Amino acid sequence: MKFNPHFWHQRFVQQAGWTKYVCRFVLKKLQIGKNAHILEVGCGTGAITYSLKPPEPANLYGLDIHLPSLLFAKDNDKKTIFLCGNGLTLPFLSRTFDLTLCHYYLMWVKDNLQAMKEMARVTSSGGCVAAFAEPDYSAREDLPNEMKELGKLQNRALSLQRADIRIGNKLRWLFNQVGLHDIHVH
């Protein structure tokens, strides 16, 4: 399927809706203050940055490697600064952001450990790195039984697209590997 930003944005908005309140809860719990610097790595069409409601005037940034996605995001979200770049070599100084987050990103990036290292590097001391919606599809339980074959087919399709269907189970390990502390995985 040829990339169509309008089509994919609708899908990303749907996914953002699944975690919107969790993201907002985490922002509140972390006491992200006014003037906070927040980065979403792998922002796609900007569905997550658009749905975040940090205290104003927060400084929101979105980074993605796919320029057509960013152009779409820029047209639809005027409060976020969008940059084209590679999440494996983030174009920011170390300790720049109070919160660095991703959403359905680590399962798709080719080197999720390097991606996590970069997210940790650009996060300030006392800041937070958050990974939302990074599922462990290998541990899925499809019910009723008639749905099990569909689940296997979906996992196979994701694997063929090089998605890491076990990423949710690896999160604690990834966070530990990059030296992060006070890790909460749910």
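Criterion applied to F92, F97, F82, F25 was being touching a helix residue (DSSP H, G or I) at 6+ places or on another chain (Cβ under 6 Å) and either of a type in the set (D, E) or at negative phi (or both), and the one residue passing it is F82. Comparison of Q15, Q10 shows that the only residue that is in contact (Cβ under 8 Å) with a residue 60 or more places away in the chain and within 21 Å of W108 (Cβ to Cβ) is Q15. Considering only residues that are among the small types (G, A, S), under 24 Å from A115 (Cα atoms) and not in a helix (DSSP H, G or I), which ones fall in the stretch 1-52? A36, G42, G44, G46 - these are the residues of the stretch 1-52 that are among the small types (G, A, S), under 24 Å from A115 (Cα atoms) and not in a helix (DSSP H, G or I).
Could we say that A120 is farther than 22 Å from I165 by Cβ, without any contact (Cβ under 8 Å) to a residue 60 or more places away in the chain and among the small types (G, A, S) here? Taking the combined requirement at face value, the residue does not satisfy it. Of the residues L60, L67, the single one that is free of Cβ contacts under 8 Å to residues at least 24 places away in the same chain and open to solvent by less than 30 Å² (accessible area, probe 1.4 Å) is L60. When we screen V41, V26 for residues that are open to solvent by 20 Å² or more (accessible area, probe 1.4 Å), among the aliphatic types (A, V, I, L, M) and either under 20 Å from A130 (Cβ atoms) or in contact (Cβ under 8 Å) with a residue 60 or more places away in the chain (or both), the only hit is V26.
For the condition modelled with pLDDT of 95 or more and either within 23 Å of V22 (Cβ to Cβ) or more than 14 Å from the chain's Cα centre (by Cα) (or both), G126 does not qualify. On the stretch given as the stretch 9-27, residues that are modelled with pLDDT under 85 and of a type in the set (S, T, Y) total 1.
The values are calculated or read from the model by the stated rules, or taken from the named source; none is laboratory data. Note that the structure is a prediction, hence the values are computed from the model and not measured. Quick reminder, even Gly has a Cβ in these numbers, built from the backbone with ideal geometry, and neighbours come from all protein chains shown. Side chains are part of the model used for accessible areas, which takes the heavy atoms of the whole protein and leaves out ligands, DNA and RNA. Shrake-Rupley method; radii C 1.70, N 1.55, O 1.52, S 1.80 Å.
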